[in-house]
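Structure, as structure tokens:
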Amino acid sequence: MDSDERYRRLFRTALTIRLVEERIIELYPSDRIQSPVHLSIGQEAVAVGVCDALNVDDLVFATYRSHGFYIAKGGSLPKMFAELYGRVGGVSKGKAGSMHLSAPEVGLMGSSAVVASSIPHAVGAALSFKRRGSSRVAVAVFGDGATEEGVYHESLNFAALMKVPVLFLCEDNGLAVHSFKNARQSYNLLEHAKTFGIEARRLDEGWDMLAIRQATLDALSVVRAGRPFVLEIATGRYKEHVGVGDDFHFGYRNATDIDAWKARDPLLLDEKLVAELKPEIDREIAAAAEFAETSPFPGRDELLTDII
Amino acid sequence: MDSDERYRRLFRTALTIRLVEERIIELYPSDRIQSPVHLSIGQEAVAVGVCDALNVDDLVFATYRSHGFYIAKGGSLPKMFAELYGRVGGVSKGKAGSMHLSAPEVGLMGSSAVVASSIPHAVGAALSFKRRGSSRVAVAVFGDGATEEGVYHESLNFAALMKVPVLFLCEDNGLAVHSFKNARQSYNLLEHAKTFGIEARRLDEGWDMLAIRQATLDALSVVRAGRPFVLEIATGRYKEHVGVGDDFHFGYRNATDIDAWKARDPLLLDEKLVAELKPEIDREIAAAAEFAETSPFPGRDELLTDII
Amino acid sequence: MNVSSKERPSTQTRVLSYAGALLETMDSALADHPNVFIMGQGVDDFKGIFGSTTGLAQKYGAQRVFDVPLMEEGMTGVAIGAALVGDYPITTHIRADFSFLAMNQIVNLASKYRYMFGGIMSCPMLIRLVVGRSWGQGAQHSQSPQATFAHYPGLTVVMPSTSQAIVDMYPQIIVRHPGPVVSIEHRLLYNLDFSVSAGTPAKPIPLTSYVAREGRDVTVVATSVMVLEALRAAQYVAEKAGIEVEVIDLNSISHPDWELVIGSIRKTGRLVIADTSWLEYGVAGEVCRQVMMRDPAMLRQAPAMLGMAAAPCPTAKSLEDIYYPSQHETVEAILTQVCGSRHGIELPVERSMTEGYKRFRGPF
Amino acid sequence: MNVSSKERPSTQTRVLSYAGALLETMDSALADHPNVFIMGQGVDDFKGIFGSTTGLAQKYGAQRVFDVPLMEEGMTGVAIGAALVGDYPITTHIRADFSFLAMNQIVNLASKYRYMFGGIMSCPMLIRLVVGRSWGQGAQHSQSPQATFAHYPGLTVVMPSTSQAIVDMYPQIIVRHPGPVVSIEHRLLYNLDFSVSAGTPAKPIPLTSYVAREGRDVTVVATSVMVLEALRAAQYVAEKAGIEVEVIDLNSISHPDWELVIGSIRKTGRLVIADTSWLEYGVAGEVCRQVMMRDPAMLRQAPAMLGMAAAPCPTAKSLEDIYYPSQHETVEAILTQVCGSRHGIELPVERSMTEGYKRFRGPF
Ligand SMILES: Cc1ncc(C[n+]2csc(CCOP(=O)(O)OP(=O)(O)O)c2C)c(N)n1
Ligand SMILES: Cc1ncc(C[n+]2csc(CCOP(=O)(O)OP(=O)(O)O)c2C)c(N)n1
Ligand SMILES: [Mg+2]
Ligand SMILES: [Mg+2]
């Protein structure tokens, strides 16, 4: 494939994520979306690069910060907006909301709002794939903070022991809410993973979708051969941890921390391509929001269904 | 101090542990001890060497397999037997039994029967010591299996971050119940600990009390300076996981695995010293058992005390 | 010990221990459903979770039945992930107390998966917990967390009290039940022999409550091993005093058949609740709530309740014996309900319930 | 929203938000007791657990108030270890749901430490859990596990419902209470202003239940934010129908003053139970059990019960609004108890309870 075309494809997906989230920011004061949102603005390239390297039937298990993965894995925009709006037309009839997006038909499994809790799910799915002799892989997506939880340790050990096809993907934005990584971690993630016999790699260029895609493909060649892999990608969270605002004025971090990221951000730099692609994406988003707007609210008949 | 005298002291303690547990084996069929016992026969040198290197006010947090640590730390034999017999005169009035021995007056804190669960307790005590500027240290004693639990990871990370004076002491008997370590662990414990910036050392000579004592002293010099340390000591569990029998006939392991340990075991080799020390120790044990025998059973008045 | 159970419609019976029933159902689950696998600490060793999985690793291979490291939270998460892609995992905890290490995965994830995602995904799986009791299990090996798990919607919580319950219920659960099931098995039951119907029973024990013994004088609602205690007591008072006790095995803690329970209470007007855990915020409370919601006047008098004393479990046998309700107390509770506290009927002398279980040699 | 609380003997009052009360008590605990420290994710950041710890790290230093990695089980274990050597740790979980990750340390260790070791050691500590509600918290940020923790002996479980409760109870707990305490704080309360006595109240709120409003017609036993809902409803029915509701704040879930509760029910003969969690195996059951143990005939009719719907919490607002009991339903329950279902009295229209809390600007 033409590498230029590939770049456009990735760029278009990343821009979609960015524009969707910017639309969310605009909409938020209207109270159409009445649930916490954890924006991935600044981190889009990770979801885009990784998902482009995956097959549709490869599974991604993600977190409350998963608008990016939802879109990059191919989830439907109207269903996403309807879900955020708390409508019956949403992926999960509004029961999930932003924190629990999923799109199993394209391989995005349930996102969890308990940090690190979906990491072993990816390992379990990979275990099944292995037993069935399938070539599918599972990807555990998590933040840098998640690796502090004990279950990360248990998951690495088990995955390495059982040699299951799982990719551990760490989105390292250096923050857990407002805490910096050095205040939370005494270990280096790669060295740590390697002591489990797990190959590991860090990519500092978390803005570079093509590099992320290639790093993922490289990692997947190991994973499909039945060996887990830890891929850590540095990235930058532009917005506050939860909510639609900036948070530099709170003084716990500097805007300059993020300026370095913005200076490399293709969605900011490549204005021409943005201008070219934006109108169509905007129309898609408008249609999605329109769908959400007209989808009914779930009613009492939905309250007690799908429990067991 | 005369190194010969030191050897005698350590040997005597180790022999006490051995003889106490052999007495437990003899007593067991009489149903005087009605609770699970996890014997440390074969592992005595670890408790003895480690505790000899500690001060009385250094704290040890141990496990269900802690007869050895109880005795090595200086716990009273009569109170121990009474505890095993479920009598009021026991350390904990019989409420604890073998799995929850403690002797806080000499620094053995409560032993837990949930694997790995007392590891963070040692870290917490060490944290307090640090804040108070005390020179005391805390020791977390655990088996090789315990390191698989997530809380081990959390404890290492926190201890390293906070630089607390804790010694992580792994008694590596290569087994968790009937599972061999290679079926459970993909990591090397030392390499793993080092990725947290924690110094770590393994001692293969788990029969050698003096070497263990020295290794502990070396480790403690790091720990008292405010840096956690992982000390892994190889050892051999002669008996079944729980209970008083042998378990070679079940076929899951070979007697020859343990023969190598027995061939180095000073308590088996140094028959002369055993013969010399045994009579007195036997008298102490007989007195302890006698005390237990005459101590009353806790009655209804004890059922609902000390709850909150 | 010799207790009579509900008469079974099928004429042919055979003798099967609780552990044997578990082994049979585990075996046939593996044989019948290629997507079933069993994982847990020690499931593949020679002890095989007290005989309930012995030999299955050899028979079905290490891909179907395997040991895991110490990783309760991780293992449960792994099970959820496997279930989400169509496997049916069975996990084990040799003591229910260790399931607290997996509480997050069980309560925050498994129980909510289906609802949280609007029904588009689910994670059916079986989580087997063994409750310890006797021989100095102490505070950390004796807990029975049915009320804890049953509080959370999305979980199905059962407590099979006999081999028949295992043989009947587990096939209904495994692969067939849409959601996660927590089954709380009692260690004291494992070595007991029960008579079970030889073929498929006409009325298999359902995933809800059932009448374990019919009676007209007093209703005993019991769980797990307390069902057996209730049956023993029922037999005793029938022989000694001609009192006919109706014993209801609550059986499903999350989804009891409350109409059955209430129907019985309305009939007898007297109630004893016998549970394996603490009374406070436990099964007894929920039974009382169900009665009160319908009609507080249904009962002629305050019910009796039997459970663990309101303390952690002590290790010393002298304390353990009074920590759990004995036959003595169970019979006393029944007699007091029916005849008042001055009933004057001789009580059994058995000091410790576990003695009964040790002496028991079955079959019956 | 404007609800009247129990009259305080002290004449002087001041206005204090719930978060403010927490901050005050955390501050004075640190000031008064050098062995107190606070740890939890984000306790030292600018948001400071919704304002309850803000500035304390600066004031007392990083050795006394500090952030921790994501490690709920580990953190709780660390707290136990520190408590065992004489420190008094306060830990926080910004959502109660995350405490399930520490369930093993809380239930298997902290709650049992004193008893298991025969009273020779103990680990007094305060574990603060915040219950989430509204604005799409969803299934994993909305649970209220009081019944779960209160089932286990050795734990003290409280649910302070007002600033006064915080100001009165926390000093009784911190350092002074012998064992571990789980305090379940409700997020909806944090931003509310309450009037609290300016000095030391003559009768501080005890570590057990108390009467939040006196009345003669019906007893409402409530927990946490449902106490406020009950008080609002009480005011409404007093104004609309002259009905006098007695509201009892259960306050301590593990150690309620059952005599107080029962005394009130005997007086009114009518009962509404309003809890923040599920009814099944929850607080409502335990209240019913306490009533039944004493005298099932105490109630003239079946009580009403208000709690979360029997499902995980849905995110969509339209569902969340009907998932929790509204003022409408609370008032309806009270009126039906007192006047029967055909009471004919106009109900409040408020569709979502959280609207009331948003509109609320206090003080009162
Ligand atoms: C088990 C658990 N503890 C705490 C929280 C509260 N919390 C939500 S997000 C978060 C930070 C996680 O950081 P990281 O894993 O790096 O992900 P990021 O938000 O940076 O994408 C925390 C502490 C939670 N949701 N779950
Ligand atoms: C959390 C937990 N899981 C499982 C068990 C059951 N169990 C008791 S001891 C043990 C093996 C522990 O092995 P290791 O840590 O190496 O200690 P060892 O017994 O060899 O001294 C297991 C799995 C337990 N007690 N606690
Ligand atoms: Mg992060
Ligand atoms: Mg071991």
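The values are calculated or read from the model by the stated rules, or taken from the named source; none is laboratory data. From a predicted model like this one, the values you see are computed outputs, not experimental measurements. We place every Cβ from the backbone using ideal geometry, glycine too, and count neighbours over all the protein chains shown.
Checking each residue in the stretch C:297-356 for being among the β-branched types (Val, Ile, Thr) and within 21 Å of C:THR219 (Cα to Cα) picks out C:THR330, C:VAL331, C:ILE334, C:THR336, C:VAL338, C:ILE345. Screening B:ILE24, B:ILE17, B:ILE41 for residues that are within 14 Å of another protein chain (Cβ to nearest Cβ), closer than 22 Å to B:GLU276 by Cα, touching a residue at least 24 places away in the same chain (Cβ under 8 Å) and not aromatic (Phe, Trp, Tyr) leaves exactly one candidate, B:ILE24.
Would you call D:LEU22 crowded, with 24+ Cβ neighbours inside 10 Å and away from chain B (no Cβ under 14 Å)? The answer is yes for D:LEU22.
Does the stretch A:275-295 contain at least one residue that is closer than 17 Å to A:MET80 by Cβ, among the hydroxyl-bearing types (Ser, Thr, Tyr) and either surrounded by 12 or more Cβ atoms within 10 Å (Cβ to Cβ) or away from chain C (no Cβ under 14 Å) (or both)? Looking for residues that are closer than 17 Å to A:MET80 by Cβ, among the hydroxyl-bearing types (Ser, Thr, Tyr) and either surrounded by 12 or more Cβ atoms within 10 Å (Cβ to Cβ) or away from chain C (no Cβ under 14 Å) (or both), one finds at least one in the stretch A:275-295, hence yes. In summary, helices (runs of 4 or more DSSP H) completely within the stretch A:115-228 and bearing 1 or more residues that are at pLDDT 95 or above and away from every other protein chain (no Cβ under 14 Å) occur at A:209-224.
Based on this model, can you work out whether D:LEU16 counts as in a helix (DSSP H, G or I), more than 28 Å from C:GLN105 (Cα to Cα), modelled with pLDDT of 95 or more and of a type in the set (A, V, I, L, M, F, W, C)? So D:LEU16 fails the test.
Could you list all residues from the stretch A:167-190 that are more than 8 Å from ligand 3 (Cβ to nearest atom) and closer than 29 Å to A:ALA225 by Cβ?
Keep residues of the stretch A:167-190 that are more than 8 Å from ligand 3 (Cβ to nearest atom), which gives A:167-170, A:177-180, A:182-190.
Those that are more than 8 Å from ligand 3 (Cβ to nearest atom) and closer than 29 Å to A:ALA225 by Cβ: A:LEU167, A:PHE168, A:LEU169, A:CYS170, A:TYR187, A:ASN188, A:LEU189, A:LEU190.
Within the stretch B:72-79, is there a residue that is in a loop (DSSP other than H, G, I, E, B), within 11 Å of chain C (Cβ to nearest Cβ), under 15 Å from the mean Cα position of the chain (by Cα) and closer than 20 Å to D:MET121 by Cα? Checked against the condition, which is being in a loop (DSSP other than H, G, I, E, B), within 11 Å of chain C (Cβ to nearest Cβ), under 15 Å from the mean Cα position of the chain (by Cα) and closer than 20 Å to D:MET121 by Cα, the stretch B:72-79 yields no hits at all.
Among the candidates A:GLY107, A:GLY94, the residue that is at pLDDT 95 or above and touching a Gly at 6+ places or on another chain (Cβ under 7 Å) is uniquely A:GLY94. Counting only residues that are surrounded by 22 or more Cβ atoms within 10 Å (Cβ to Cβ) and either more than 8 Å from every other protein chain (Cβ to nearest Cβ) or more than 11 Å from C:GLY138 (Cβ to Cβ) (or both), the stretch C:312-322 holds 4 of them.
Scanning the stretch D:115-147 for residues that are crowded, with 24+ Cβ neighbours inside 10 Å and without any contact (Cβ under 8 Å) to a residue 12 or more places away in the chain returns D:MET116, D:PHE117, D:GLY118.
Number of residues in the stretch C:152-181 that are surrounded by 24 or more Cβ atoms within 10 Å (Cβ to Cβ), over 16 Å from the mean Cα position of the chain (by Cα) and free of Cβ contacts under 8 Å to residues at least 60 places away in the same chain equals 2.
Conditions (1) within 14 Å of chain A (Cβ to nearest Cβ); (2) in contact (Cβ under 8 Å) with a residue 40 or more places away in the chain; (3) surrounded by fewer than 24 Cβ atoms within 10 Å (Cβ to Cβ), marked per residue:
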position: D:PRO34; (1), (2), (3): no, no, yes
position: D:GLN41; (1), (2), (3): yes, yes, no
position: D:GLY48; (1), (2), (3): yes, no, yes
position: D:GLY51; (1), (2), (3): yes, yes, yes
position: D:ALA57; (1), (2), (3): yes, no, yes
position: D:ALA62; (1), (2), (3): yes, no, yes
position: D:LEU70; (1), (2), (3): yes, no, no
position: D:GLU73; (1), (2), (3): yes, no, no
position: D:TYR113; (1), (2), (3): no, yes, no
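Just one residue in the set B:LYS79, B:LYS73 is in contact with a Cys (Cβ under 9 Å, 6 or more places away or on another chain), surrounded by 20 or more Cβ atoms within 10 Å (Cβ to Cβ) and not polar (S, T, N, Q); that residue is B:LYS73.
Quick check: anything in the stretch D:271-278 in a helix (DSSP H, G or I), more than 17 Å from the chain's Cα centre (by Cα) and not assigned by TED's automatic domain parsing to the domain that holds D:PRO153? So that I can check it myself, show each step before the final result.
Step one: list which residues in the stretch D:271-278 are in a helix (DSSP H, G or I), which gives none.
No, every residue in the stretch D:271-278 fails to be in a helix (DSSP H, G or I), more than 17 Å from the chain's Cα centre (by Cα) and not assigned by TED's automatic domain parsing to the domain that holds D:PRO153.
Out of the stretch C:232-260, which residues are more than 14 Å from chain D (Cβ to nearest Cβ) and buried (at least 21 other Cβ atoms within 10 Å of the Cβ)? Passing the criteria: C:ARG232, C:ALA233, C:ALA234, C:TYR236, C:VAL237, C:ILE243, C:VAL245, C:GLU246, C:VAL247, C:ILE248, C:ASP249, C:ASN251.
Can you tell me which residues in the stretch D:149-207 are among the basic types (Lys, Arg) and either touching a Gly at 6+ places or on another chain (Cβ under 8 Å) or outside the structural domain of D:ASP27 (by TED's automatic domain parsing) (or both)? Spell out the reasoning first.
Step one: filter the stretch D:149-207 for residues among the basic types (Lys, Arg), giving D:176, D:187, D:203.
Result: D:ARG187, D:LYS203.
Among the residues of the stretch B:263-308, what is the count of those that are of a type in the set (Phe, Trp, Tyr) and not in a loop (DSSP other than H, G, I, E, B)? Result for the stretch B:263-308: 1. Is it the case, given these coordinates, that B:VAL242 is at pLDDT 95 or above, away from ligand 3 (no atom under 16 Å from the Cβ) and touching a Gly at 6+ places or on another chain (Cβ under 6 Å)? The answer is no for B:VAL242. Cβ-Cβ below 8 Å, separation at least six or inter-chain, first residue in the stretch C:80-94 and at positive phi, second away from ligand 1 (no atom under 16 Å from the Cβ): which pairs? From the stretch C:80-94, the pairs are C:GLY86/A:SER128; C:GLY86/C:ASN35. Of the listed requirements (1) more than 29 Å from A:THR305 (Cβ to Cβ); (2) among the polar types (S, T, N, Q); (3) buried (at least 24 other Cβ atoms within 10 Å of the Cβ), C:SER17 misses just one: (3).
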